[in-house]
């Protein structure tokens, strides 16, 4: 079924669950998945409809995680109606003021926005219900890291590594997986980054949470502070990590013995994974824009390698990639 047919079905469904729709749906946003979001005008105000084709997306985790986060006191869309068999949801609208645009437009807003995001993260970790969540286990971490050589190195760069590269890569995988599994485990959003946070009241509004898992305590902190599309100065990043640690400890959220090391190693895992995902989006799904900031990830990885001697195998992995793709 084409996009136009799906939209027609969605708009017909809306008339069966609301009697106050005043006009056609208009695109609100899209993401790297098959989900699409539309703004729905009603006499009571704007709402958001989600179209998630069931052959590609299961909307049940979205409904489940929305309930968990709302119960924790966090600001997420309230689901008003759902047809899970067809992949249609109608929910409240958190507005169109995203964190990413706000940070890029007005640097003076940075402190207030990050303070709210860090505090909401601590709330999510301290209060988020984790029973029954998928585990961020060895198999999941391993599969994520596989994306880097498969899609970024071999498919995107067209590079076939030699035996020494694969040996170093094996060391990297074991190190990063072991480090992640050694961390205390909490509710993990898995994409807690400025693109998925909205400037609203109460702040922030949280989106794109359907892939939540039980996993390493530093994962969402890394997602927030070492983002794919917006970077902080190292001093500012350290300041927010310190604020997070103070708030988290006060809330009873257990931290690694060496939290800054844990952040660096967790960051390395996430950045390698995301490079693989972005390459897959380009070459499999035809979404080329995501790779525009690939060098941002290389810079993050280079910083981690410089700070952590145990990441020497990762430095070798990156330094031996084709010229122009090594860390800046």
Would you mind getting me the FRET efficiency between residue 250 and residue 157? Use the beta-carbon distance for r and R0 = 56 Å, nearest 0.05.
0.80
List 21, 263 from most exposed to least, where exposure is judged by having the fewest other Cβ atoms within 10 Å.
21, 263
Using Cα pairs closer than 8 Å and at least 6 residues apart in sequence, work out the relative contact order for the chain, in percent.
17 percent
Convex hull over the alpha-carbon atoms of the chain: what's its volume per residue in Å³?
139 Å³
Relative to the chain, whose Cα atoms define the longest principal axis, helix 294-307 and its Cα axis are tilted in degrees, nearest 10, by 50 degrees
Mean projection of the alpha-carbon convex hull of region 3-92 over all orientations, in nm²?
5.8 nm²
Starting from the Cα-Cα distance between residue 105 and residue 70, subtract it from 0.36 nm times their residue separation and give me the gain in nm to one decimal.
9.7 nm
How far is helix 60-71 tilted off the main Cα axis of the chain, in degrees rounded to 10, range 0 to 90?
90 degrees
What's the angle, to the nearest 10 degrees (0 to 90), between helix 110-127's Cα axis and the longest principal axis of the chain?
90 degrees
May I ask you to derive the FRET efficiency for residue 299 and residue 126 from their Cβ-Cβ distance with R0 = 35 Å, giving the value to the nearest 0.05?
0.65
Least to most buried among 281, 221, by other C-beta atoms within 10 Å and fewest first, runs 281, 221
Can you sort 192, 300 so the residue with the fewest Cβ neighbours within 10 Å comes first?
300, 192
Volume per residue that the Cα convex hull of region 159-230 spans, once the total is divided by residue count, Å³
124 Å³
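Only the coordinates and a few stated rules stand behind these numbers; no lab work does. Quick caveat: nothing in here was measured; it's all calculated off a predicted structure. Please note: Cβ atoms are built from the backbone with ideal geometry, for glycine as well, and neighbour counts cover all protein chains shown.
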